[in-house]
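Note sheet for the following structure.
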Amino acid sequence: MLHDDGSFAFRSEILDAVDAIVQAYGDHVGDLPSGLDRELLITFVLGRMQCELDVIAEAMAVSPTLDGIDPQELYEECVSENSAARRQQVTQMIELLRQRGWISEGQPEEIASGS
């Protein structure tokens, strides 16, 4: 999570949390989904996480301690990163997702290539 250079990222923790939720869902319904159903479940879980993060950020924005600092602006700074660096991050994430079996080898990589 925290790197030697002082930067931090949550990718591994997020992927681990999604894996845990997918596993728990499989335990709950009696079978792990596969193929399209699995990818839809993963997409739904990620979307739900994004909604939760948005709610947390909105709640933080009302803190008098932040005194006018908008957490949403910090998020937008991350999103507006150098597009080449972002494509490289997406390419790395595609490989991580493939290693976890979340996406298949045969899927196109238009996002990573910027197409």
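The values are calculated or read from the model by the stated rules, or taken from the named source; none is laboratory data. Everything numeric here is computed off the predicted structure, so don't read it as measured data. With ideal geometry, Cβ positions are generated from the backbone for all residues, glycine too; neighbour counts draw on all protein chains shown.
Do you know which of the residues in the range 39-53 that are farther than 11 Å from V18 by Cα and of a type in the set (A, V, I, L, M) is modelled with the lowest pLDDT?
Looking at the filtered set, the residue picked out is L53.
Just give me the residues in the range 1-28 being in contact (Cβ under 8 Å) with a residue 12 or more places away in the chain and of a type in the set (A, V, I, L, M), in sequence order.
Residues satisfying the conditions are M1, I14, L15, A17, V18, I21, V22.
What number of residues within the range 1-25 are touching a helix residue (DSSP H, G or I) at 6+ places or on another chain (Cβ under 8 Å) and part of a loop (DSSP other than H, G, I, E, B)?
1
Search the range 29-48 for residues being out of contact with any helix residue (DSSP H, G or I) (no Cβ under 8 Å at 6 or more places or on another chain) and either touching a residue at least 60 places away in the same chain (Cβ under 8 Å) or among the small types (G, A, S) (or both), and hand back the single one that is farthest from I103 (Cα to Cα).
Among those residues, the one meeting the criterion is G30.
Given (1) modelled with pLDDT of 70 or more; (2) part of a helix (DSSP H, G or I), where does C78 come up short, assuming only one miss?
In the conditions (1) modelled with pLDDT of 70 or more; (2) part of a helix (DSSP H, G or I), C78 misses (1) alone.
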